[in-house]
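**Q** Can you keep this structure in mind? I'll have questions shortly.
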Amino acid sequence: MPNDMAHDNPLLKAFGAAALDGAPEWFGKVTEAGAARFAELGLPTNRTEAWKYTSLRSLGGVEFSPPAKGAETVDIPRDRIAGIEGIEIVLVNGRLDESRLDLDRLPAGLLVTPLADALQYKDGVTMHALQDESAIDGLPLAALSTAGITGGVLIEIAKDADIAKPIHIISIGTGNTAFAPRNVIWVGPNAKATVVESHVGEGGYFSNSVTHVTVENEAVFHHYKLQNESREAYHVAMTHVLCGEKTVYDNFALSCGAKLARNEIRSKLDGSEILYAVNGVYMAAANQHLDNTTFIEHAKPNSESREIYKGVLDENGRGVFQGKILVQRPAQKTDGYQMNRALLLSRKAEIDSKPELEIYADDVKCSHGATVGELDAEQLFYLKARGISEHDARNMLIEAYLRDALDEIRVDKVARAFGEKISDWLAERIAREDAA
């Protein structure tokens with residue numbers, strides 16, 4: 001049923017004004033379908049089950065501007081992105097900065113195509129991904145993003161290719177812009193690659209991205225994300241993942257920025273002997289709301305999924321974890337594990353946790369759980385008994401708790417880079433605590 005906030009929504013107007021120039025007719029139909037779907041669904045409220053714990057009411061009243069028509073070049077905030085050496089793909093307000101990408105110097109087996117060019121390929125990977133109506137069905141923010149796709153890239157990893165360097169997508173937001181990058185990633189059979197996303201910026205902008213990932217048979221794909229947006233910004237991201245036979249998909253998201261952020265991953269394990277991991281850390285402080293929502297569908301037998309999220313919530317920061325594992329009837333011998341742990345550092349901090357299993361197969365091993373607590377009093381006493389101040393002891397325990405989660409990252413250089421961002425967040429927290 002249409003939402004009472006759907007009519008004359010300023011968000012739809014802002015995104016609808018960001019059309020790509022020179023796009024083919026079929027693309028126009030895709031964006032029109034997205035706009036129609038969002039007009040029908042409207043901006044979700046707490047009456048929408050999937051958005052029960054994350055209110056977007058403040059977002060609906062903001063008048064955002066569409067991004068500039070031409071490509072923009074801005075300085076990359078090196079101190080805020082993941083500190084890794086790799087192949088950089090820079091998006092500014094959702095549009096690809098082609099001046100920073102040397103397509104002629106890419107390693108063998110890697111093809112990067114600006115979205116505007118990829119749209120011209122009939123029956124290509126991008127066309128197939130964008131025309132998939134399930135990507136917006138019942139998903140209002142994904143529909144809104146589709147209504148105003150601002151740019152993005154197609155990344156293709158050829159069959160049997162092994163891309164040694166990480167591919168680093170850097171998305172930079174500015175001002176009060178509303179933008180919707182659309183990235184399509186195809187990992188060919190028996191290929192290996194790593195993609196790291198860094199989301200940063202300055203201002204009260206709204207980043208509403210959708211990413212399509214296809215991992216073909218026997219491929220290994222590492223996919224990591226740093227959400228370190230401006231503390232005035234809004235960040236909503238949807239990632240659709242399709243895994244084939246005997247694939248490895250390894251995902252980790254570190255969220256510490258934005259005023260309001262939602263990182264949503266929806267995956268279909270459409271093969272057997274898949275190793276699937278989606279993990280993360282979220283750190284929220286004053287007036288921040290960080291939401292991690294996942295959906296994993298086991299469609300075929302003999303696959304394993306692992307999901308661990310750990311959060312630290314300080315001051316009046318709020319966290320949300322919603323995770324669902326769906327095991328279809330053919331998916332016998334499924335092994336699914338899901339856990340959310342949250343550490344509350346303040347009486348004003350809040351966490352909403354909703355792990356969920358829906359199982360139709362009868363020969364499975366699935367479990368889920370959630371824990372919420374404060375710093376361990378015995379551990380604090382142990383450290384204080386050895387001459388460490390309570391202030392330092394608390395911060396040592398917080399850092400150990402967070403760094404333990406980084407063991408889930410399978411690429412060492414990414415684990416180190418994310419560890420640096422945890423250290424930065426802890427240093428900022430200590431500075432606030434000392435100033436109080």
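**Q** Given the residues 267, 272, which is the only one that is closer than 25 Å to residue 364 by Cα, of a type in the set (Gly, Ala, Ser), modelled with pLDDT of 95 or more and not in a strand (DSSP E or B)?
**A** Values: 267 fails: not in a strand (DSSP E or B).
After ruling out the rest, the residue left standing is 272.
**Q** Further, regarding this structure: Select from region 232-256 the residues that are among the acidic types (Asp, Glu), under 23 Å from residue 301 (Cα atoms) and in a loop (DSSP other than H, G, I, E, B) and list them in ascending order.
**A** Taking region 232-256 first, the residues among the acidic types (Asp, Glu) are 232, 245, 250.
Among the residues that remain, those that are also under 23 Å from residue 301 (Cα atoms) are: 245, 250.
Matches in region 232-256: 245 only.
**Q** Among what's in region 195-223 and is crowded, with 24+ Cβ neighbours inside 10 Å and of a type in the set (Val, Ile, Thr), pick the residue that is farthest from residue 155 (Cα to Cα).
**A** Top of the filtered list is 210.
**Q** List the pairs whose first member sits in region 87-102 and is without any contact (Cβ under 8 Å) to a residue 24 or more places away in the chain, whose second member is part of a strand (DSSP E or B), and whose Cβ atoms are under 7 Å apart, counting only residues at least 6 apart or on separate chains?
**A** Partner pairs satisfying both residue conditions: 101/89; 101/112.
**Q** Also: For the condition within 19 Å of residue 90 (Cα to Cα) and touching a residue at least 60 places away in the same chain (Cβ under 8 Å), what is the one hit in 147, 135, 142, 178?
**A** Working: 147 fails: within 19 Å of residue 90 (Cα to Cα); 135 fails: within 19 Å of residue 90 (Cα to Cα); 142 fails: within 19 Å of residue 90 (Cα to Cα).
The match here is 178.
**Q** Also, I was wondering about something else. Does residue 264 satisfy the criteria of being within 10 Å of the chain's Cα centre (by Cα), surrounded by fewer than 21 Cβ atoms within 10 Å (Cβ to Cβ), of a type outside the set (Ser, Thr, Tyr) and closer than 30 Å to residue 218 by Cβ?
**A** Details: within 10 Å of the chain's Cα centre (by Cα): yes; surrounded by fewer than 21 Cβ atoms within 10 Å (Cβ to Cβ): yes; of a type outside the set (Ser, Thr, Tyr): yes; closer than 30 Å to residue 218 by Cβ: yes.
Considered against the rule, which asks whether it is within 10 Å of the chain's Cα centre (by Cα), surrounded by fewer than 21 Cβ atoms within 10 Å (Cβ to Cβ), of a type outside the set (Ser, Thr, Tyr) and closer than 30 Å to residue 218 by Cβ, residue 264 comes out as yes.
Residue by residue, here is whether (1) touching a His at 6+ places or on another chain (Cβ under 9 Å); (2) more than 24 Å from residue 257 (Cα to Cα) holds:
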| position | (1), (2) |
| --- | --- |
| 379 | no, yes |
| 396 | no, no |
| 406 | no, no |
| 409 | yes, no |
| 416 | no, no |
| 424 | no, no |
| 435 | no, no |
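**Q** Inspect all residues belonging to region 227-234 and state whether any of them is of a type outside the set (Lys, Arg), under 14 Å from residue 196 (Cβ atoms) and assigned by TED's automatic domain parsing to the domain that holds residue 94. I'd like the intermediate steps shown before the answer.
**A** Here is the first cut: in region 227-234, the ones of a type outside the set (Lys, Arg) are 227-230, 232-234.
Then keep just the ones that are under 14 Å from residue 196 (Cβ atoms); that gives 227-228.
In the following step, the residues that additionally are assigned by TED's automatic domain parsing to the domain that holds residue 94 were identified as 227-228.
Yes, that holds for at least one residue.
**Q** Still on this model: Scan 105, 80 and give me the residue that is over 20 Å from the mean Cα position of the chain (by Cα) and of a type in the set (D, E, K, R).
**A** Details: 80 fails: over 20 Å from the mean Cα position of the chain (by Cα).
Answer to the selection: 105.
**Q** Quick check on my filter: what residues within region 382-414 are in a loop (DSSP other than H, G, I, E, B) and either farther than 30 Å from residue 222 by Cβ or in contact with a Gly (Cβ under 8 Å, 6 or more places away or on another chain) (or both)?
**A** In the first step, residues of region 382-414 are kept if they are in a loop (DSSP other than H, G, I, E, B); the result is 385-389, 409-411.
Answer for region 382-414, where residues must be in a loop (DSSP other than H, G, I, E, B) and either farther than 30 Å from residue 222 by Cβ or in contact with a Gly (Cβ under 8 Å, 6 or more places away or on another chain) (or both): 385, 386, 387, 388, 389.
**Q** Looking at residue 129, is it of a type outside the set (Phe, Trp, Tyr), touching a strand residue (DSSP E or B) at 6+ places or on another chain (Cβ under 6 Å) and assigned by TED's automatic domain parsing to the domain that holds residue 196? Reasoning before the result, please.
**A** Details: of a type outside the set (Phe, Trp, Tyr): yes; touching a strand residue (DSSP E or B) at 6+ places or on another chain (Cβ under 6 Å): yes; assigned by TED's automatic domain parsing to the domain that holds residue 196: yes.
The answer is yes for residue 129.
**Q** Would you point out the residue of region 329-364, among those that are of a type in the set (A, V, I, L, M, F, W, C) and in a loop (DSSP other than H, G, I, E, B), that is surrounded by the fewest Cβ atoms within 10 Å (Cβ to Cβ)?
**A** Quick first cut of region 329-364, residues of a type in the set (A, V, I, L, M, F, W, C) only: 331, 339, 342-345, 349, 351, 357, 359, 361, 364.
Cutting the leftovers down to in a loop (DSSP other than H, G, I, E, B) gives us 331, 345, 349, 361, 364.
Numbers: 331: 23, 345: 18, 349: 22, 361: 16, 364: 18.
Looking at the filtered set, the residue picked out is 361.
**Q** Can you tell me which condition residue 287 does not meet? The list is (1) touching a helix residue (DSSP H, G or I) at 6+ places or on another chain (Cβ under 6 Å); (2) over 22 Å from residue 408 (Cβ atoms); (3) polar (S, T, N, Q), and all the others hold.
**A** Here residue 287 clears every test but (1).
**Q** Next question. So which residues in region 196-221 are over 12 Å from the mean Cα position of the chain (by Cα) and within 17 Å of residue 83 (Cβ to Cβ), if there are any at all?
**A** Passing the criteria: only 200.
**Q** A follow-up question, please. I'm told residue 384 meets every condition in (1) at pLDDT 95 or above; (2) exposed (fewer than 15 other Cβ atoms within 10 Å of the Cβ) except one. Can you identify the failing condition by its number?
**A** Here residue 384 clears every test but (1).
**Q** Which of the helices (runs of 4 or more DSSP H) found entirely inside region 19-132 contain at least 2 residues meeting this: buried (at least 19 other Cβ atoms within 10 Å of the Cβ)? Even if it seems obvious, please write down each step before you answer.
**A** Values: elements: 25-41, 57-60, 115-118, 125-130.
Qualifying helices (runs of 4 or more DSSP H): 25-41, 115-118, 125-130.
**Q** Among the residues of region 340-369, write down those that are in contact with a His (Cβ under 7 Å, 6 or more places away or on another chain) and of a type in the set (A, V, I, L, M).
**A** Correct list: 357 only.
**Q** If you take just the strands (runs of 3 or more DSSP E) that sit entirely in region 149-205, which of them hold at least 1 residues that are within 28 Å of residue 10 (Cβ to Cβ), in the same structural domain as residue 35 (by TED's automatic domain parsing) and of a type in the set (Asp, Glu)?
**A** On the way: elements: 153-157, 167-174, 182-187, 192-202.
By residue number, 192-202.
The values are calculated or read from the model by the stated rules, or taken from the named source; none is laboratory data. Note that this is a predicted model, so its numbers are computed, not measured. A quick note on method: Cβ atoms are made from the backbone with ideal geometry, for glycine too, and the neighbour counts reach across all protein chains shown.
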